[in-house]
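Taking it in order: structure first as structure tokens, then the write-up.
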Amino acid sequence: MYSSKSLFTFLFFPFLLSISAHSYTHRARAPCKEMVFFFHDIVYNGENYKNATSAIIGAPEWGNRTIMSSPNNFGDMIVFDDPITLDNNLHSPPIGRAQGMYFYDQKDTFSSWLGFSFVFNNTDYKGSLNFAGHDPLMNKTRDISVIGGTGDFFMTRGIATLSTDAFEGSVYFRLRVHVKLYECWKLL
Amino acid sequence: MYSSKSLFTFLFFPFLLSISAHSYTHRARAPCKEMVFFFHDIVYNGENYKNATSAIIGAPEWGNRTIMSSPNNFGDMIVFDDPITLDNNLHSPPIGRAQGMYFYDQKDTFSSWLGFSFVFNNTDYKGSLNFAGHDPLMNKTRDISVIGGTGDFFMTRGIATLSTDAFEGSVYFRLRVHVKLYECWKLL
Amino acid sequence: MYSSKSLFTFLFFPFLLSISAHSYTHRARAPCKEMVFFFHDIVYNGENYKNATSAIIGAPEWGNRTIMSSPNNFGDMIVFDDPITLDNNLHSPPIGRAQGMYFYDQKDTFSSWLGFSFVFNNTDYKGSLNFAGHDPLMNKTRDISVIGGTGDFFMTRGIATLSTDAFEGSVYFRLRVHVKLYECWKLL
């Protein structure tokens, strides 16, 4: 038979562990939510104001705000307001906006850093996802962090795998974004 | 009576769940901490250097650094060092500083993106709260993410509900910030 | 003896707690991972293009992009691509890059805000750590947030304690970064 003492130990062992578990490693088997989106960026180049969805707003001393700086756009910062679509067609009905900024931060290759949100207000999703991270855009795929969210995405965390789906000179690009959320929250 | 095997299963079931729970949905009933603050932003316009708490530091090619760009300030980036007060009076004793940046990121309405910290060093609070997120400022309320913290706010996460408490042209605005932390940490 | 009912309560009490625990305070005894790095920033000043690892890309109306603005660099934004070393020697073999931006955000002293990544691709570490936070650089030490990570640092969170290890005018500085991760994740 179990003694009162060992039963107590057995019963409370899991509880004690669950309290201190937060300094140990969390194991994730699969995302609690996955989604795939595309977004489309058309950079202002001095002649496409009407169609442009983004603009250079900062540049190093040797750069300017209509042509990317050389070499490798280093130091150029772009603010964007890009349509999000469910497929790779720029003209598909947008289901949200990708809004934020990126800047090029490597001297010897094309690489950028992103801080932005996906903003949704439709029947499927209401709320925002906030992203930050390093995007070495010459790699086929690269991961950034989902650092939080609001509305349907309250308190969420995860990663997003980016891939460049299309690229036309320095004016148009399209990113495929595979969002994988590993921490989901519900506000009761 | 309970067999040894079923007792084992019962006893360890919670433990196994607590380990894998992190790929499931966390449920939050109420914040572990709530606070309400106001902060006050006075944008430099070329003539108010002494009083200004913020300044335009980036703008699209069609903008400049003393007048917000048209339309909808799109592409303007502002760095700020704003006093935080407990009530809506600009002249109340500041209990901390809101320091960081925002930029306007929508072409067809006023909307911005924020990356900043609340910095406290008083008897009530010592430490910082870090924020990031999308602020569609024409909405009565909008949520951004609390992405981390230090000192008294070590490792915290949550959301902050913003509302524009006052607005005077493009030079002064006051934000009410309702901070709701759902993940609190204590360093033992 | 234990009644069936009280046994049930005992058995499931830990489980219920572990589900709702997320609105309570997490306790951390020690980091799940600790690392110390140095990174080296050489700001472009109009004459050191070849050696510079960073450049001013935004400044207030009264500033420019080759000399820090006065007073206290307020409003200057710098994009950087800095080598990370394991010791305090600029010429040690870099084990990664610190890439991102900082800007000075206080009018009456030197203080900045950082948004950047540590990027590793070597035998010890592959992946990135994402940082954000307030850096009051006149303090001996100060903490910023680790807001996420990818690769070997998948989903991690923590803080980083910064200290200025060297400082030569406004062109070179070296930061010591003590990374302390309190939330570690493993993707199974």
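The values are calculated or read from the model by the stated rules, or taken from the named source; none is laboratory data. Owing to the predicted nature of the structure, the values given are computational and were not obtained by experimental measurement. So basically every Cβ, Gly included, is an ideal-geometry build from the backbone, and we count neighbours across all protein chains shown. SASA here: full protein model, heavy atoms, side chains in, ligands and nucleic acids out. Shrake-Rupley method; radii C 1.70, N 1.55, O 1.52, S 1.80 Å.
Label-point spacing for C:G169 across the identical copies (point 7 Å from Cα in the Cβ direction), in nm and ascending order: 4.1, 4.1.
Taking only Cα atoms, what is the 0 to 90° angle, nearest 10, from helix C:4-20's long axis to the longest principal axis of chain C? Between the helix axis and the principal axis of chain C, the angle is about 10 degrees.
For chain A, the dipole from Cβ point charges (+1 on Lys and Arg, -1 on Asp and Glu) about the Cα centre works out to 880 debye, to the nearest 20.
The interface between chain B and chain C buries about 4300 Å² of solvent-accessible area in total (1.4 Å probe, ligands and nucleic acids excluded). Taking all protein chains together and a 1.4 Å probe, the residues A:E34, A:E47 rank A:E47, A:E34 from largest to smallest accessible area. In this label model, C:T25 and A:K107 are separated by 4.7 nm, measuring between points 7 Å along each Cα→Cβ vector.
Computed from the C-beta positions of B:E47 and B:N122, the FRET efficiency with R₀ = 30 Å rounds to 0.35.
Entry for chain C at q = 0.09, 0.19 Å⁻¹: log10 I(q)/I(0) = -0.42, -1.31, Debye formula applied to identical alpha-carbon scatterers, no solvent contribution. For the stretch C:22-152, the per residue solvent-accessible surface stands at 39 Å², with DNA, RNA and ligands left out and a 1.4 Å probe. Taking the stretch B:123-140 and a reference point 7 angstrom along Cα→Cβ of C:T161, the backbone N atoms nearer than 19 Å belong to B:126-129. For B:Y104, the accessible surface of its heavy atoms amounts to roughly 20 Å² (probe 1.4 Å, protein chains only, rounded to the nearest 10).
About the Cα centre of the protein assembly as shown, how large is the charge dipole given +1 on each Lys and Arg Cβ and -1 on each Asp and Glu Cβ? Please answer in debye to the nearest 20. For this selection, approximately 2560 debye. Under 5 Å between amide hydrogens, built in the peptide plane, is the criterion, and for B:S112 it picks out B:D105, B:D135, B:L137 among residues at least 5 positions away or on other chains. Summary value for chain B: 19 percent relative contact order, contacts being C-alpha pairs under 8 angstrom separated by 6+ residues.
Considering only A:L114, A:T53, A:H134, the residue lying farthest towards the positive end of the dipole of the stretch A:43-148 is A:T53, judged by Cα position with unit charges set on Cβ.
Ligands, DNA and RNA excluded, the heavy atoms of B:L86 present near 110 Å² of accessible surface to a 1.4 Å solvent probe. At a threshold of 8 angstrom on Cα-Cα distance, excluding pairs fewer than six apart, so keeping six or more, what relative contact order does the stretch B:59-109 reach in percent? Computed over the stretch B:59-109, the figure is 37 percent.
Per atom type, chain B shows carbon and sulfur on 55% of its accessible surface, probed at 1.4 Å. Panel note: the C-alpha atoms of the stretch A:129-188, placed on their principal axes, show extents of 48, 18, 14 Å (largest first).
Give B:K107/C:K180; A:K180/C:K126; B:K126/C:K186; A:K126/C:K180; C:K140/C:K180; B:K186/C:K33 a once-over and call out the pairs whose C-alpha atoms are over 29 Å from each other. In this structure, B:K107/C:K180; B:K126/C:K186; A:K126/C:K180 lie more than 29 Å apart at Cα.
With the cut-off at under 18 Å, measuring from each backbone N in the stretch A:158-180 to a point 7 Å along the Cα-to-Cβ line of A:S92 picks out A:161-167, A:173-180.
Close amide H contacts of B:G58 (hydrogens built in the peptide plane, cut-off under 5 Å, sequence separation of 5 or more or a different chain): B:M77. Contact-buried residues of the stretch B:112-131, at a threshold of 40 Å² lost accessible area versus the chain by itself: B:W113, B:N130 (1.4 Å probe; DNA, RNA and ligands ignored).
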